[in-house]
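To keep things clear, I will list the structure first and then write my remarks on it.
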């Protein structure tokens, strides 16, 4: 039985984003294994929309490393 999930569908390390003096993402890390279901939960203002906008290339991060589908 092979338990290796293979490459991650999404890999985020040290993701940072701020708008002026307001820090909205402060070194966020997470990995989503390929073939899994993932949800991003949190209260209003937690940075969920900003994270998704960065992952979908609608916004540029201030720092960190991101890989989506190996790109």
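Is there a residue in the range 49-58 that is closer than 13 Å to residue 17 by Cβ and in a loop (DSSP other than H, G, I, E, B)?
Here is the first cut: in the range 49-58, the ones closer than 13 Å to residue 17 by Cβ are 49-55, 58.
The next check asks that each one be in a loop (DSSP other than H, G, I, E, B); those that pass are 58.
Scanning the range 49-58, I find at least one residue that is closer than 13 Å to residue 17 by Cβ and in a loop (DSSP other than H, G, I, E, B), so the answer is yes.
Name the residues in the range 34-48 that are in contact with a strand residue (DSSP E or B) (Cβ under 6 Å, 6 or more places away or on another chain) and either surrounded by 15 or more Cβ atoms within 10 Å (Cβ to Cβ) or assigned to a helix (DSSP H, G or I) (or both), would you? Walk me through how you get there before you give the answer.
Taking the range 34-48 and keeping what is in contact with a strand residue (DSSP E or B) (Cβ under 6 Å, 6 or more places away or on another chain), we get 34, 38, 47.
Result: 47, single match.
Would you tally the residues in the range 1-33 being within 22 Å of residue 71 (Cα to Cα) and either buried (at least 16 other Cβ atoms within 10 Å of the Cβ) or under 15 Å from the mean Cα position of the chain (by Cα) (or both)?
Start the filter on the range 1-33 by keeping residues that are within 22 Å of residue 71 (Cα to Cα), which leaves 4-17, 25, 27-33.
Now restrict to residues that are either buried (at least 16 other Cβ atoms within 10 Å of the Cβ) or under 15 Å from the mean Cα position of the chain (by Cα) (or both): 8-17, 25, 27-33.
Total meeting the criteria: 18.
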Any hit, the range 45-65, residues being at pLDDT below 95 and in contact with a helix residue (DSSP H, G or I) (Cβ under 9 Å, 6 or more places away or on another chain): no
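The values are calculated or read from the model by the stated rules, or taken from the named source; none is laboratory data. Computed from a predicted structure; not experimentally measured. Virtual Cβ from ideal backbone geometry, glycine too; neighbours counted across all protein chains shown.
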